[in-house]
1. What is the dipole size for the chain, taken about its Cα centre, with +1 at each Lys and Arg Cβ and -1 at each Asp and Glu Cβ, in debye to the nearest 20?
2. Checking the cross-link filter: which lysines have an alpha carbon closer than 16 Å to that of Lys129, excluding same-chain neighbours under 8 positions apart?
3. As a check on your grasp of the helix formula, calculate [θ] at 222 nm for the chain: sum -39500 (n - 2.57) over DSSP H runs of n ≥ 4, divide by the residue count, round to the nearest 500.
4. Among Val180, Val73, Val268, whose mean-square fluctuation peaks in a Gaussian network model of the chain (Cα, cutoff 10 Å)?
5. Taking 0.36 nm per intervening residue step and subtracting the Cα-Cα distance, what contour gain separates Ile170 from Asp78 on full extension?
6. With every protein chain left in place, what is the accessible area per residue of the chain in square angstrom, probe 1.4 Å?
7. Could you work out what % of the accessible surface of the chain is carbon and sulfur, using a 1.4 angstrom probe and leaving DNA, RNA and ligands out of the count?
8. At a Cα cut-off below 17 Å, give the aspartates and glutamates reachable from Lys318, other chains included and same-chain residues fewer than 8 away excluded.
Amino acid sequence: MTTVEDANYSLSKILDSGSKKNLIELAWIKNVRVILPRIIITLSLPSFANSQRERIVKEVKNILLKFEDVNDVQIEIDNNVSQSNSTSENNLPELKNIKGIKHIIAISSGKGGVGKSTIAVNIACSLAKLGLKTGLLDADIYGPNTPSMLGVTEENPKVTDGSGNEQRLIPINKYGISLVSMGFLIEEGQPVIWRGPMLNSIIKQFLYQVEWNDLDFLVIDLPPGTGDAQISLSQSVPISGAIVVTTPQKVSLQDARRGLAMFKQLGVPLLGVVENMSVFIPPDMPNKKYEIFGKGGGKILAGENNLPLLAQIPIEIKLVNDSNKGVPISISEPDKESSIRFKELAQLIKKQFIN
């Protein structure tokens, strides 16, 4: 399997026609990301080297497409390039901290339909119930449904005074958490066609132009998959840890594996795996548990990657119904088994980062 190191080594053969130094050494090619079958790079040419752009782009594509498991090469053009020829020690971008946020926890899944947003919402609520200042950023552009889960679909976040970049978004406060969501920007039923620079721009605005106000944790609900949003986020801020959500079926593991591989290749620390929908608990028979979606998926995924299986969250009717009513189960029914599992998960996260 092609790695970032493989790509960097191959790209180091491309030379500046003037100095004859390679473009990796000059940092004209940087931010190399391998998300198979795609490789993404950033091309940062100083103005005096623009005449070489066409030649360099052609060479980059020719080299990278020679890898058997690569069929797509995406080249991002960095127009904000310093005219300095200084080199860098590596290809990793400089991560920028968000003022007022101590720890960022990313909740991800390889595909949709595994209950990732439910996990993110209840983790945030459970952290808040432990007395921790918690924020929730719903960055799922394809299904921003946390406003519905928290009962704030009719509310609109306010904006501070000022103009342009001076303005900052004020989060909605509910159940002790500060919420910002893509759902506040998208009308119900509106198709989302944001990609590339537009998507990266809105994510960065949600990170840096929000009054987060001294949070212990910011929980980020990522869109499913391994696309531009996940890459942009991972390349922008220092994520303290990522949690990958899966379901018990072994068939769902292939997608989850891609998500784990993405975080590893981007250098994001992995906290572990959460298995959602592990069992069904009937409301009239709370002592019964039915493995309606199979079993073992979360344990297999965690074991393959030498990660802990952080929690197994059951399906309970109250979890589904209360979410539809805008009240997370960790708030409405703290004694239900799923709520207990969310509390234990929040305690694990707290113990990991806060003494």
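The values are calculated or read from the model by the stated rules, or taken from the named source; none is laboratory data. Just so it is clear, the model here is predicted, and its values are computed rather than measured. So basically every Cβ, Gly included, is an ideal-geometry build from the backbone, and we count neighbours across all protein chains shown. Ligands, DNA and RNA are excluded from the accessible area calculation, which covers all protein heavy atoms including side chains. Shrake-Rupley method; radii C 1.70, N 1.55, O 1.52, S 1.80 Å.
1. Magnitude of the dipole: close to 600 debye.
2. In chain and number order, the partners are Lys174, Lys336, Lys343, Lys350, Lys351.
3. Here the helix-only value at 222 nm equals -9000 deg cm²/dmol.
4. In the Gaussian network model the winner is Val73.
5. On the way: separation 92, 0.36 × 92 = 33.12 nm, distance 3.02 nm.
Extra length available between Ile170 and Asp78 comes to 30.1 nm.
6. 49 Å²
7. 48 percent
8. Asp284, Glu333, Asp335, Glu337
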